[in-house]
1. Checking Pro235 against (1) open to solvent by less than 60 Å² (accessible area, probe 1.4 Å); (2) over 28 Å from Asn152 (Cβ atoms), which test does it fail?
2. Among (1) crowded, with 18+ Cβ neighbours inside 10 Å; (2) among the polar types (S, T, N, Q); (3) more than 20 Å from Leu170 (Cα to Cα), which single condition is Asn122 missing?
3. Pull up the stretch 23-81, narrow it to residues that are basic (Lys, Arg) and within 20 Å of Asn157 (Cβ to Cβ), then point me to the one that is nearest to the chain's Cα centre (by Cα).
4. Would a scan of the stretch 193-208 turn up a residue that is aliphatic (A, V, I, L, M) and exposed (fewer than 14 other Cβ atoms within 10 Å of the Cβ)?
5. Within the set of pairs 6+ apart or on separate chains, which have a first residue in the stretch 142-161 that is under 21 Å from Ile96 (Cα atoms) and aliphatic (A, V, I, L, M), a second that is open to solvent by 60 Å² or more (accessible area, probe 1.4 Å) and outside any loop (DSSP other than H, G, I, E, B), and C-beta atoms under 7 Å apart?
6. Which pairs turn up if I take residues in the stretch 16-42 that are acidic (Asp, Glu) and look for partners that are crowded, with 18+ Cβ neighbours inside 10 Å and part of a helix (DSSP H, G or I) with beta carbon separation below 8 Å, at least 6 apart in sequence or on another chain?
7. Can you name every residue in the stretch 158-184 that is part of a loop (DSSP other than H, G, I, E, B) and either among the basic types (Lys, Arg) or open to solvent by less than 30 Å² (accessible area, probe 1.4 Å) (or both)?
8. Can you spot a residue in the stretch 219-226 that is over 19 Å from the mean Cα position of the chain (by Cα), among the aliphatic types (A, V, I, L, M) and open to solvent by less than 50 Å² (accessible area, probe 1.4 Å)?
Amino acid sequence: MSETRKPSVSVVTICKNEEQDLPDFIGHLLSWVDEIVVVDDGSTDASCQIIRDAGPKVRLVEYPMDPVTGFAGLRNRGIEEARSNWLLHTDVNERIPAALAREIQTAIQNDQYRAFRYRRLNFFLHRPMKGGGFQDWNKPQLARTGFHHFENVVHENCIIDGGEEYIGQLDEVIWHLNDDSYKERMYKSVVYCQEQARRLHKRGFKMRWWHLLLLPLLEFLRKMFKRHGYRDGTPGLMFALHASTAMFKACALIWDEQNRIPRSRIEEELRNSYQPAKRNG
């Protein structure tokens, strides 16, 4: 009777200038995963060297982001490169507690499912968040090889072949350490605001002046009260205000796109206003 081989697990992540997080990210996985695949999007710090020096379980895949496929393209390249029959897709700033690691190792022995959802304990300014919408994340990013792929340029989603019928649910949570500082959150917000604006524009949304007031206000109220951001005190208030200002910036981008006055028109008006100068004498 032949011995049944236990399922193998690859952790697949994407990276750009993550030298601060990479050592602990790699270190906390080495004892129980079969492989770590890091898809690097052109890091200019020590990230690539850290990955190369991490040992035989860790593989570097250098692959610049395609602006058309975005983050989903990076994730899908990781799927192509990974060698295990189960893939766990994470961020470099995520950590897997021992309880979740044990649950994953048990879950992947179940032939019924092609993927498993798991929840996040999200940290904002290094504080675990109970509300504000942070608690809503629950995605199937542990999946069988050959039965999943990613979509979306930003905020990429893992799509499981066959849908919900083939997705199980894990009980334990992953820790998502998020931004190192509010300054980092501000930098990321530039990209997210543009993506939000693209989504609204794609829906054919006509931006009026009152939307510039109403939509940010509704976003604040949603994060702070409907999604229970008040449970997190001052950090919850800060995040609700941050989300509100991000919504304003997205609205402003659309309004400008729909009502933009070309610079050439201003220049033409200025030229037409010139009066020939007359010399004295």
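1. For Pro235, the exception is condition (2).
2. (3)
3. Arg75
4. Checked the stretch 193-208: no residue is aliphatic (A, V, I, L, M) and exposed (fewer than 14 other Cβ atoms within 10 Å of the Cβ).
5. Close Cβ pairs (under 7 Å, with a partner that is open to solvent by 60 Å² or more (accessible area, probe 1.4 Å) and outside any loop (DSSP other than H, G, I, E, B)) do not exist here.
6. Hits for this filter: Glu18/Phe25; Glu18/Ser47; Glu19/Ser47; Glu19/Ile50; Asp40/Ser47; Asp40/Cys48; Asp40/Ile51; Asp41/Leu74.
7. Asn178, Asp179, listed by residue number.
8. yes
The values are calculated or read from the model by the stated rules, or taken from the named source; none is laboratory data. Being a predicted model, the structure only gives us computed values, none of them experimental. Positions of Cβ are backbone-derived with ideal geometry, glycine not excepted, and every protein chain shown enters the neighbour counts. Accessible surface is based on the protein model in full, side chains and every heavy atom, while ligands, DNA and RNA are left aside. Shrake-Rupley method; radii C 1.70, N 1.55, O 1.52, S 1.80 Å.
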